[in-house]
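Only one structure is covered here, and it is reproduced in the block below.
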Amino acid sequence: MKTPELSVVIPVYNEEAGLNALFARLYTALDALALPYEVIFVNDGSQDQSATLLANQFRIRPENTRVILLNGNYGQHMAILAGFEAARGEIIVTLDADLQNPPEEIGKLVQKMHEGHDYVGTIRRQRQDSLWRRKASRAMNQLRERITHIRMTDQGCMMRAYSRHIIDTINRCGELNTFIPALAYTFAQRPVEIEVAHEERFAGTSKYSFYSLMRLNFDLVTGFSVAPLQWLSFIGLLLSLGSAGLFILLIVRRFIVGAEVQGVFTLFAITFFLFGVIILALGLLGEYVGRIYQQVRARPRYLIQTVLETSANPPSTSRPS
Ligand code: UDP
Ligand code: MG
C-alpha cells in the first residue's frame, strides 16, 4: 500500500444506524478523487454494534481502512486526537460519522489544500440543527471572536482539512481538554474558509447533551483565553470601588440624618447578589484549576484497545499518549 496522501479521521460513538450509509457514500466519494487515501475510524467506546460494523468495513476495504478501538468514551475531540496520532497522510480531513457534512465535499477541501493553504475551515450553508443550538452557537462564536485571536466564521463545523505540519504540531501538544478547530487554527499560517453543505443527521440522535455542550464550550473558552479571569478582577475592582463609595455615603449620612435601620431586605438582595458573583468567580477559577490539575497529572489521554490495519502498513504510532 502506498503512503496515503489523504487521511480522513472519523470519530464514531454509537452510530450503528448510519454507518453503512456513511461507508457507501464516503468510499465512493474518496475513490472518485483518484489519490491514495486512508480512512481512520476511531471508535470512541460505542456500546452498540458500531465496532462490529467498522470491523466489517475493514474486512471489505483493508487497504484503505484503519480502525482504532478506544477502550472507553473519551469524547469526540479526544477520539480525533487518537486518529491524528495514527494518520499518515499529507492532508488530514476530519469528518463526523453522522453524514451531516456530505463526504462528497471532501474534494473541495483537498483542492483548496492543493492551492497552498494549510488549514481549510468550513462554514455550514443552511445549518440543519435545532433553533436553540443555532442561537447558542452564534453566541459562542461571537464570544470567541472577542476573547481569543482565533478568527473563524463557524467554529462548530468539524469537517475541516489540516496540513501534515499542523497535525504534527498538534501531536506534540498533549492537550487534554481541547477544541480541535481552534487548536489547529493557532498553528495555521495560510488558513482559508469555504462553504460546505449541511444536512440533517442521517440516523440516530446527537451525541451531545446540553451538559456535554456546556463542557465543550468551557474547554473552548478556558483553553484559548484567560480573558474571563481578567473580567473577574475587573468586576472585583468595580464592586470594591462601589462599596467604598457606599461606605463613605453612609458615614456622612449617619452624621447628618442619623443611623440607618431600615432596608434590611435591600441589604439581603445585595448580599445574595454578591454571593452569586463570588460563587461564579470560584466556579470559573475552578474550571481553570481543574484543567491545570488534569494536565499536570499527565496520565495517558486515552487507551487503545485494538488497532485494525493490514500488516502491510508500517507500525502505527498507536501507543497511549
Ligand atoms: N462523538 C464521539 N464521541 C462522543 C460524542 C460524539 O466520537 O462522545 C462523535 C459522533 O459519533 C459523531 C461526531 O462525534 O461522529 C459528532 O457528534 P454529533 O453528530 O452527535 O454532534 P452534533 O452534530 O450534534 O454536534
Ligand atoms: Mg452531528
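The values are calculated or read from the model by the stated rules, or taken from the named source; none is laboratory data. Quick caveat: nothing in here was measured; it's all calculated off a predicted structure. Every residue, glycine as well, gets a Cβ built from its backbone with ideal geometry; the counts of neighbours run over all protein chains shown.
Looking at segment 161-168, is at least one residue within 16 Å of ligand 1 (Cβ to nearest atom) and either in the same structural domain as Leu285 (by TED's automatic domain parsing) or aliphatic (A, V, I, L, M) (or both)? Within segment 161-168, none of the residues are within 16 Å of ligand 1 (Cβ to nearest atom) and either in the same structural domain as Leu285 (by TED's automatic domain parsing) or aliphatic (A, V, I, L, M) (or both). Would you confirm whether or not segment 151-167 contains a residue that is free of Cβ contacts under 8 Å to residues at least 12 places away in the same chain and either of a type outside the set (Phe, Trp, Tyr) or closer than 23 Å to Leu81 by Cα (or both)? Scanning segment 151-167, I find no residue that is free of Cβ contacts under 8 Å to residues at least 12 places away in the same chain and either of a type outside the set (Phe, Trp, Tyr) or closer than 23 Å to Leu81 by Cα (or both), so the answer is no.
Can you say whether Ser137 is in contact with a Gly (Cβ under 6 Å, 6 or more places away or on another chain), under 26 Å from Ser46 (Cβ atoms) and free of Cβ contacts under 8 Å to residues at least 60 places away in the same chain, as far as the supplied structure shows? Considered against the rule, which asks whether it is in contact with a Gly (Cβ under 6 Å, 6 or more places away or on another chain), under 26 Å from Ser46 (Cβ atoms) and free of Cβ contacts under 8 Å to residues at least 60 places away in the same chain, Ser137 comes out as yes.
Quick check on segment 52-61. Is at least one of its residues of a type in the set (Lys, Arg) and touching a residue at least 40 places away in the same chain (Cβ under 8 Å)? For segment 52-61, residues of a type in the set (Lys, Arg) and touching a residue at least 40 places away in the same chain (Cβ under 8 Å): absent.
Could you tell me whether any residue of segment 54-72 is within 16 Å of ligand 2 (Cβ to nearest atom) and either over 12 Å from Ala161 (Cβ atoms) or of a type in the set (Val, Ile, Thr) (or both)? Scanning segment 54-72, I find no residue that is within 16 Å of ligand 2 (Cβ to nearest atom) and either over 12 Å from Ala161 (Cβ atoms) or of a type in the set (Val, Ile, Thr) (or both), so the answer is no. A single member of Ile170, Ile106, Ile147 is more than 16 Å from the chain's Cα centre (by Cα), hydrophobic (A, V, I, L, M, F, W, C) and more than 29 Å from Phe202 (Cα to Cα), and it is Ile147. One residue is enough: does segment 20-33 have a residue meeting the conditions more than 16 Å from ligand 2 (Cβ to nearest atom), more than 23 Å from Pro300 (Cβ to Cβ) and basic (Lys, Arg)? No: segment 20-33 contains no residue that is more than 16 Å from ligand 2 (Cβ to nearest atom), more than 23 Å from Pro300 (Cβ to Cβ) and basic (Lys, Arg).
Kindly indicate whether Leu109 is at pLDDT below 95, out of contact with any helix residue (DSSP H, G or I) (no Cβ under 6 Å at 6 or more places or on another chain), among the hydrophobic types (A, V, I, L, M, F, W, C) and over 30 Å from Leu303 (Cα atoms). Taking the combined requirement at face value, the residue does not satisfy it. Within segment 98-140, if we keep just the residues that are within 15 Å of ligand 1 (Cβ to nearest atom) and small (Gly, Ala, Ser), the residue that is surrounded by the fewest Cβ atoms within 10 Å (Cβ to Cβ) turns out to be Ser130. Within segment 199-213, residues that are in the same structural domain as Leu22 (by TED's automatic domain parsing) and hydroxyl-bearing (Ser, Thr, Tyr) have Cβ atoms under 7 Å from residues that are part of a loop (DSSP other than H, G, I, E, B) and more than 9 Å from ligand 2 (Cβ to nearest atom) in no pair, counting only partners at least 6 apart in sequence or on another chain. In segment 57-87, the qualifying residues are those that are more than 14 Å from ligand 1 (Cβ to nearest atom) and buried (at least 18 other Cβ atoms within 10 Å of the Cβ), and the one that is nearest to Asn177 (Cα to Cα) is Glu85. A residue that is exposed (fewer than 10 other Cβ atoms within 10 Å of the Cβ) and not in a helix (DSSP H, G or I) occurs somewhere in segment 244-258.
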